[in-house]
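Chemist: Below is a structure I'd like to ask you about.
Derivation of every value follows stated rules applied to the coordinates shown; laboratory data play no part. Quantities reported herein were computed from a predicted structural model and do not represent experimental measurements. Ideal geometry is used to build each Cβ from the backbone, glycine not excepted, and the neighbour counts take in all protein chains shown.
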């Protein structure tokens, strides 16, 4: 059955560089702590769908999201927990190695889209399917930093922005757009995280 809902992806900025230029065992310890901080903050109505390297994919069925402010506040809690963990590890780093001293280079980006999806059972898991799910993933490849200078950001499609009613919560979103192969032009809005 086709459902509608929100797709929310959290993505650690600087993950690839951090992982490839550092001691793997220490990098893994730090990244696990950062994922844990996010996972502890993800509460209903958000449902975790899966993990993709440095990203967590969640969704919220429209029937569970009668107030966009709840989802918006949840997004902020995820970011706040992530930053609190970064700050904690800087005060008390695991050691003085290169990786532990570059924790501050990591940050978070969050992507939100609203659209249709199907849930497909794969083994003991449910996978999200649909063109709107693809849009959510494609949003991770963008020119936001280059075009706006904002490094840690919340990026929403216009559809998600309208359904969440975010304009009633904050007014500092900047219009942005991206063009993706097989999808075309996607109108977006972006704002810095941590400015709530």
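Chemist: Assess whether residue 87 counts as being out of contact with any helix residue (DSSP H, G or I) (no Cβ under 7 Å at 6 or more places or on another chain), within 20 Å of residue 190 (Cβ to Cβ) and not in a strand (DSSP E or B).
Modeler: When the stated conditions are applied, residue 87 does not pass them.
Chemist: Now, a different point. If you go through the range 69-84 one residue at a time, do you hit one that is in a strand (DSSP E or B) and crowded, with 20+ Cβ neighbours inside 10 Å?
Modeler: No.
Chemist: Filter the range 172-193 down to the residues that are part of a loop (DSSP other than H, G, I, E, B) and touching a strand residue (DSSP E or B) at 6+ places or on another chain (Cβ under 9 Å), then identify the one that is surrounded by the most Cβ atoms within 10 Å (Cβ to Cβ).
Modeler: Restricting to residues being part of a loop (DSSP other than H, G, I, E, B) and touching a strand residue (DSSP E or B) at 6+ places or on another chain (Cβ under 9 Å), the top hit is 193.
Chemist: Within the range 27-54, can you find the residues that are without any contact (Cβ under 8 Å) to a residue 40 or more places away in the chain, in a helix (DSSP H, G or I) and farther than 25 Å from residue 17 by Cβ?
Modeler: none
Chemist: Test residue 15 against the criterion of being in contact with a helix residue (DSSP H, G or I) (Cβ under 9 Å, 6 or more places away or on another chain) and closer than 18 Å to residue 159 by Cα, and give yes or no.
Modeler: It is false that residue 15 is in contact with a helix residue (DSSP H, G or I) (Cβ under 9 Å, 6 or more places away or on another chain) and closer than 18 Å to residue 159 by Cα.
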